[in-house]
Amino acid sequence: MGIVTVGSDVTSFRMIEKITRIGDQHIAGKANWSKALPYVVLEAMAQLAALDVRYRLDFCRHAFLLKVKRCDWPPGEVICGRWSLSARRLNHGSAAYLYHTRANGPENKPVEAQMLIGALDYDERFDHKVLQTHYRKVFACLSKDTGKS
């Protein structure tokens with residue numbers, strides 16, 4: 001079997017450019033891509049939902065994508081332009097949060113997914129001193145001048 005190399009042309013792991021709105025059960029943001037593969041839209045929606053979980057938990061727990069329950073995959077082969085992102089919390093327990101996520105691109109063809117975001121206590125694998133500080137800084141940078149509703 002040969003080796004398959006997948007390249008995304010994405011230069012950063014952080015897909016979100018800015019958080020534009022934070023509400024009681026939702027968060028919204030923006031992203032901008034040039035020639036990215038379609039899965040980056042899914043990754044950006046997951047990052048936005050996970051940032052919301054971290055924010056709700058005062059950055060005291062690790063948040064991660066646990067499961068994509070349903071996804072309407074983005075049209076086309078290449079993602080370009082400015083996208084609006086949103087994540088609305090539908091339900092949650094102590095260790096998992098269910099979100100309806102949506103991304104609208106320049107051609108107004110929405111991508112929607114239901115995502116389950118897990119939350120774990122920090123431990124030896126996920127160092128709270130490093131990750132808590134990191135995600136607080138990321139959130140503060142992305143949400144500067146954000147409208148809260």
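The values are calculated or read from the model by the stated rules, or taken from the named source; none is laboratory data. Because the structure is predicted, anything quoted here is derived from the model rather than measured. Here Cβ is always computed from backbone atoms with ideal geometry, including for glycine, and neighbour counts include all displayed protein chains. What goes into the accessible areas is simple: the full protein's heavy atoms, side chains included, and nothing from ligands, DNA or RNA. Shrake-Rupley method; radii C 1.70, N 1.55, O 1.52, S 1.80 Å.
General observations
- Matching entry among A103, A87, A119 (being assigned to a strand (DSSP E or B), closer than 17 Å to L37 by Cα and of a type in the set (A, V, I, L, M)): A103
- Residue check for L65: at pLDDT 95 or above and either crowded, with 20+ Cβ neighbours inside 10 Å or under 21 Å from T20 (Cβ atoms) (or both): no
- Enumeration of residues in the stretch 122-149 that are part of a helix (DSSP H, G or I) and either crowded, with 16+ Cβ neighbours inside 10 Å or among the charged types (D, E, K, R) (or both): K129, L131, Q132, Y135, R136, K137, V138, F139, L142
- Within the stretch 22-42, residues that are without any contact (Cβ under 8 Å) to a residue 40 or more places away in the chain have Cβ atoms under 7 Å from residues that are surrounded by 15 or more Cβ atoms within 10 Å (Cβ to Cβ) and of a type outside the set (G, A, S) in these pairs: V40/V10; V40/M15; V40/W33; V40/I79, counting only partners at least 6 apart in sequence or on another chain.
- Total residues in the stretch 1-34 satisfying the condition of being at pLDDT 90 or above, β-branched (V, I, T) and over 17 Å from R136 (Cα atoms): the figure is 0.
- Qualifying residue in the stretch 92-100 (condition: of a type in the set (S, T, Y), in contact (Cβ under 8 Å) with a residue 12 or more places away in the chain and under 18 Å from L51 (Cβ atoms)): yes
- Scanning the stretch 98-121 for residues that are more than 26 Å from L42 (Cβ to Cβ) and either open to solvent by less than 90 Å² (accessible area, probe 1.4 Å) or at pLDDT 95 or above (or both) yields no hits at all.
- Breaking point among (1) within 20 Å of F139 (Cβ to Cβ); (2) touching a Pro at 6+ places or on another chain (Cβ under 8 Å); (3) not aliphatic (A, V, I, L, M), for N104: (1)
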